[in-house]
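Student: My structure is below; once you've seen it, I'll send some questions.
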Amino acid sequence: MRRLTGFYLLAAFAAALPFVFPDNYFVTVVGTTAALHVILAVSLNLLIGYAGLISLGHAAFFGIGAYSSAILTAHHQINPWLAMLAGVLLSAVIAYAMARPVLRLKGHYLAMATLGFGIIVNIILVQTGNLTGGPDGMSVDELSLFGVAIDSDLGWYTVLAAAALLVVWLSLNIVDSRSGRALRALHGSEVGAEMMGIDTT
């Protein structure tokens, strides 16, 4: 229970913010951006903070998921929620395919490999402007949740704050799971983790 105190405080803060500062730009616009970055930071913390592995290409997987779901929605008229699920799955498949060989590298070599992957993805997204919109990005259809259109800054803040809280809660559970203990063991000593039967790759 004490372990979740910080999570409950974060949830209370996120819920109270729109009521304390109604129609405030820093809540509805900056808040949505902050919620997205919370999701990225929490996921990166599992890799760098708990496993002790340096990844400089984390944003590439974010971009793969975001652009693939947007392309499926805008160009192929697929339901946005299904498109987001497809984006998650595509990003996970690419991450797994890349991780098997790359995670055999150590230290600076691992960092350079992930940095190179991030640069490659960035170049692809920028150069395929007819598909992704290039540096200007692309517009997608309106998103709706249970038949209610998410067409306001406050609506986006609500959805993204809830998603960020869900990710934080899931990460706390992962840390206390067998996989989380394996990540912490890897951070302590990769050789020691392998001796305990953990597949470090």
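Student: Considering each residue of segment 158-201, count those that are outside any helix (DSSP H, G or I) and either open to solvent by 80 Å² or more (accessible area, probe 1.4 Å) or among the acidic types (D, E) (or both), and give that number. Show your work before the answer.
Tutor: If we filter segment 158-201 for residues that are outside any helix (DSSP H, G or I), which is where we start, we get 176-177, 189, 196-201.
Those still in the list that are either open to solvent by 80 Å² or more (accessible area, probe 1.4 Å) or among the acidic types (D, E) (or both) too: 176, 196, 199.
Of the residues in segment 158-201, 3 are outside any helix (DSSP H, G or I) and either open to solvent by 80 Å² or more (accessible area, probe 1.4 Å) or among the acidic types (D, E) (or both).
Student: Hey, any hits in segment 127-137 for a residue that's in a helix (DSSP H, G or I) and either of a type in the set (S, T, Y) or in contact with a Gly (Cβ under 6 Å, 6 or more places away or on another chain) (or both)? Don't jump to the end; show me each part of the working.
Tutor: Let us first name the residues in segment 127-137 that are in a helix (DSSP H, G or I), namely 127, 129-132, 134-136.
Narrowing the set further to residues that are either of a type in the set (S, T, Y) or in contact with a Gly (Cβ under 6 Å, 6 or more places away or on another chain) (or both) leaves 132.
Taking every residue of segment 127-137 in turn, at least one turns out to be in a helix (DSSP H, G or I) and either of a type in the set (S, T, Y) or in contact with a Gly (Cβ under 6 Å, 6 or more places away or on another chain) (or both).
Student: Give me the residue from segment 62-76 that is in contact (Cβ under 8 Å) with a residue 40 or more places away in the chain and not hydroxyl-bearing (S, T, Y) and, out of that set, surrounded by the fewest Cβ atoms within 10 Å (Cβ to Cβ).
Tutor: Step by step, filter segment 62-76, then rank; the result is H75.
Student: Does E142 meet the test of being surrounded by 13 or more Cβ atoms within 10 Å (Cβ to Cβ) and more than 20 Å from the chain's Cα centre (by Cα)?
Tutor: In short, no.
Student: Enumerate the pairs (first residue in segment 86-111 and open to solvent by less than 60 Å² (accessible area, probe 1.4 Å); second residue anywhere and aromatic (F, W, Y)) with beta-carbon separation below 7 Å, excluding pairs fewer than 6 apart on the same chain, so at least 6 apart or on different chains.
Tutor: Partner pairs satisfying both residue conditions: S91/F61; A95/F61; M98/F117.
Student: What residue, among those in segment 14-38 that are buried (at least 18 other Cβ atoms within 10 Å of the Cβ) and β-branched (V, I, T), is nearest to the chain's Cα centre (by Cα)?
Tutor: Across segment 14-38, the extreme among qualifying residues is V38.
Student: Restricting to segment 1-14, and then to whatever is in a helix (DSSP H, G or I) and without any contact (Cβ under 8 Å) to a residue 12 or more places away in the chain, can you tell me which residue is farthest from A161 (Cα to Cα)? Spell out how you get there, then give the answer.
Tutor: At the first step, the residues of segment 1-14 found to be in a helix (DSSP H, G or I) are 2-14.
From what's left, without any contact (Cβ under 8 Å) to a residue 12 or more places away in the chain: 2, 5-6, 8-9, 12-13.
Numbers: R2: 22, T5: 18, G6: 15, Y8: 13, L9: 13, A12: 11, F13: 10 Å.
Looking at the filtered set, the residue picked out is R2.
Student: Enumerate the pairs (first residue in segment 112-138 and free of Cβ contacts under 8 Å to residues at least 12 places away in the same chain and more than 14 Å from S68 (Cβ to Cβ); second residue anywhere and open to solvent by 40 Å² or more (accessible area, probe 1.4 Å) and β-branched (V, I, T)) with beta-carbon separation below 9 Å, excluding pairs fewer than 6 apart on the same chain, so at least 6 apart or on different chains.
Tutor: G134/V126; G134/T128; P135/V126
Student: In segment 113-139, how many are surrounded by 15 or more Cβ atoms within 10 Å (Cβ to Cβ) and out of contact with any helix residue (DSSP H, G or I) (no Cβ under 9 Å at 6 or more places or on another chain)?
Tutor: 1
The values are calculated or read from the model by the stated rules, or taken from the named source; none is laboratory data. None of these values were measured; they are calculated from a predicted model. Positions of Cβ are backbone-derived with ideal geometry, glycine not excepted, and every protein chain shown enters the neighbour counts. SASA here: full protein model, heavy atoms, side chains in, ligands and nucleic acids out. Shrake-Rupley method; radii C 1.70, N 1.55, O 1.52, S 1.80 Å.
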